[in-house]
Amino acid sequence: MAHIIVFGNEKGGSGKSTTCMHTATALVRSGLRVGALDLDLRQRTFTRYLENRIEYGARHDTTLPTPVVMGLPKVDRTDLAEGENPFDKSLGLAVAELEETCDFIVIDCPGSHTRLSQVAHSLADTLVTPLNDSFVDFDLLARVDADTGKIIGPSVYSEMVWHARQLRAKAGLKPIDWIVLRNRLGAQEMHNKRKMGQALEDLSKRIGFRVAPGFTERVIFRELFPRGMTLLDLKDIGIANLNLSNIAARQEVRDLIRALNLPDVDVAI
């Protein structure tokens, strides 16, 4: 069966689709067969990123390592069993089809709570939650006492992940490996940055996730999107002499893939 990687964050604006795209491309560049699903049916950022990549390759007559992109199939409600949800059926059909040919399936969830996102989380072998490095986004994971800074309890999103873990346990599936990425890190070491790091480490022990470094805030991520490129493709688009910022950013991608600890993945990309 394919290893399913789900990218989820219900707040949005955390660089989730960018992280998803870089992960999927890194896996393809490692010689693996990768399927891609975008469950954000409104924004479709991951889909548009992949479409930009395909269009760029066609315009410049070059073949770029690209995941197999698949849309969700339409489901005839008359074919549903009693009580069966059409979103469950559609996602199940898409995953089943990709599993026939793929080593990995990368799923990008919307920045909001939807039925599709909920089901996708229960399918995840690896769950990646990119998080802006601030206490505004920390609220996605847990509620914090304003006076003491102590963690009061898990958030609605954390409870949803817990429910997904329960469903997997009942089905006899292996536990979800949940990784929270500290994304859009500032370049300077600040007091708030240290406090955020300590809070995440404390919470990780309570609700069961791993903390990993994500991507530093860089202009190049926004510049690559229109062409569908990632930091691993720079030589393919004629940027052979990388500046120090680009080299550091590319290393962040490699560190991310290493931190995910995925089976049969060569991080020397």
Look at Ser158 and say whether it is touching a residue at least 24 places away in the same chain (Cβ under 8 Å) and either over 18 Å from Phe7 (Cβ atoms) or among the acidic types (Asp, Glu) (or both). no
Between Tyr56, Tyr49, which is in contact with a helix residue (DSSP H, G or I) (Cβ under 7 Å, 6 or more places away or on another chain), touching a residue at least 60 places away in the same chain (Cβ under 8 Å), among the hydroxyl-bearing types (Ser, Thr, Tyr) and surrounded by fewer than 19 Cβ atoms within 10 Å (Cβ to Cβ)? Tyr56
For region 172-185, check the following and say yes or no: at least one residue is closer than 18 Å to Lys16 by Cβ and exposed (fewer than 13 other Cβ atoms within 10 Å of the Cβ). no
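Any residue in region 67-80 that is closer than 18 Å to Val28 by Cα, in contact (Cβ under 8 Å) with a residue 40 or more places away in the chain and either of a type in the set (A, V, I, L, M, F, W, C) or part of a loop (DSSP other than H, G, I, E, B) (or both)?
Looking for residues that are closer than 18 Å to Val28 by Cα, in contact (Cβ under 8 Å) with a residue 40 or more places away in the chain and either of a type in the set (A, V, I, L, M, F, W, C) or part of a loop (DSSP other than H, G, I, E, B) (or both), one finds at least one in region 67-80, hence yes.
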Within region 14-26, how many residues turn out to be out of contact with any Lys or Arg (no Cβ under 9 Å at 6 or more places or on another chain) and not polar (S, T, N, Q)? 4
For region 154-172, check the following and say yes or no: at least one residue is over 29 Å from Leu41 (Cβ atoms), among the hydrophobic types (A, V, I, L, M, F, W, C) and in contact with a helix residue (DSSP H, G or I) (Cβ under 7 Å, 6 or more places away or on another chain). no
Near pairs, Cβ below 8 angstrom, 6+ apart or cross-chain, from region 95-111 (surrounded by 15 or more Cβ atoms within 10 Å (Cβ to Cβ)) to any residue that is of a type in the set (D, E, K, R) and part of a helix (DSSP H, G or I): Ile105/Glu99; Asp108/Lys16; Cys109/Lys16; Gly111/Lys16
Of the residues in region 64-102, those that are under 17 Å from Ala120 (Cα atoms) and of a type in the set (Ser, Thr, Tyr) come to Ser90
Would you point out the residue of region 195-219, among those that are of a type in the set (Val, Ile, Thr) and either in contact with a helix residue (DSSP H, G or I) (Cβ under 6 Å, 6 or more places away or on another chain) or surrounded by 15 or more Cβ atoms within 10 Å (Cβ to Cβ) (or both), that is farthest from Val180 (Cα to Cα)? Thr216
Filter region 215-238 down to residues that are under 18 Å from Ile257 (Cα atoms) and of a type in the set (Phe, Trp, Tyr) and give me whichever is modelled with the lowest pLDDT. Phe221
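The values are calculated or read from the model by the stated rules, or taken from the named source; none is laboratory data. Given the structure is predicted, the values throughout are model-derived calculations rather than measurements. In this analysis, Cβ positions are derived from the backbone assuming ideal geometry, glycine residues included, and neighbour counts consider all displayed protein chains.
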